[in-house]
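Some notes on the structure that comes next.
The values are calculated or read from the model by the stated rules, or taken from the named source; none is laboratory data. Small disclaimer: the values here were computed from a predicted structure and weren't measured. Cβ atoms come from the backbone with ideal geometry, glycine included; neighbour counts cover every protein chain shown.
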Amino acid sequence: MQYFIVLILISILRIVPRRIRGWIGASLGQAVYLIGIRRSVVCENLRAAFPGIPEAGVRKTAAGVYRHFGTLATSLVELPRLDESALNSWIF
């Protein structure tokens, strides 16, 4: 059942323009951050990697990481259909 739900979501995301898809991904990432899935691990790792960063900076960076991964995840749905010209529009 979950597989079919994911397939439907991917099908919908493929027809949505890239800019809107990026916004959807960032919003999903923000929602996952607010729900708190693995947030403590992310913050702990950021504190270990950047010991001098204030707590507000840790939280802000962690939220940005979640938004980035949400954007990345929604961008990946386009990969199977990318041709050379579409790929160049992403890079250049």
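SER40 passes every criterion in (1) surrounded by fewer than 13 Cβ atoms within 10 Å (Cβ to Cβ); (2) not in a helix (DSSP H, G or I) apart from (2).
For the range 28-37: of the residues being closer than 27 Å to LEU79 by Cα and exposed (fewer than 14 other Cβ atoms within 10 Å of the Cβ), which is farthest from the chain's Cα centre (by Cα)? Before you say what the answer is, go through the steps one by one.
Of the residues in the range 28-37, the ones closer than 27 Å to LEU79 by Cα are 28-33, 37.
Narrowing the set further to residues that are exposed (fewer than 14 other Cβ atoms within 10 Å of the Cβ) leaves 31, 37.
Details: ALA31: 11, ILE37: 14 Å.
Ranking the candidates gives ILE37 first.
Which one of these is surrounded by 12 or more Cβ atoms within 10 Å (Cβ to Cβ), assigned to a helix (DSSP H, G or I), in contact with a Ser or Thr (Cβ under 9 Å, 6 or more places away or on another chain) and of a type outside the set (A, V, I, L, M, F, W, C): ARG67, ARG59? Give the derivation first.
Numbers: ARG59 fails: in contact with a Ser or Thr (Cβ under 9 Å, 6 or more places away or on another chain).
Of the residues listed, the single one that is surrounded by 12 or more Cβ atoms within 10 Å (Cβ to Cβ), assigned to a helix (DSSP H, G or I), in contact with a Ser or Thr (Cβ under 9 Å, 6 or more places away or on another chain) and of a type outside the set (A, V, I, L, M, F, W, C) is ARG67.
Test each condition in (1) touching a Leu at 6+ places or on another chain (Cβ under 8 Å); (2) part of a helix (DSSP H, G or I); (3) loosely packed, with under 15 Cβ neighbours inside 10 Å; (4) not basic (Lys, Arg) for ILE53 and report the one that comes out false. It fails just one condition, (2).
Of all residue pairs spaced 6 or more apart or on separate chains, those with beta-carbon atoms under 7 Å, a first member in the range 44-67 that is in contact (Cβ under 8 Å) with a residue 24 or more places away in the chain and among the charged types (D, E, K, R) and a second member that is assigned to a helix (DSSP H, G or I) and surrounded by 14 or more Cβ atoms within 10 Å (Cβ to Cβ) are ARG67/ALA26; ARG67/GLY29; ARG67/GLN30. Residue pairs whose Cβ atoms lie under 7 Å apart, separated by 6 or more positions or on different chains, with the first residue in the range 1-17 and within 20 Å of LEU72 (Cβ to Cβ) and the second hydroxyl-bearing (Ser, Thr, Tyr) and at pLDDT 90 or above, are LEU13/THR74.
Any idea which residue in the range 70-92 is farthest from the chain's Cα centre (by Cα), counting only those that are outside any helix (DSSP H, G or I) and under 20 Å from ARG14 (Cβ atoms)?
Checking each candidate, the answer is ASP83.
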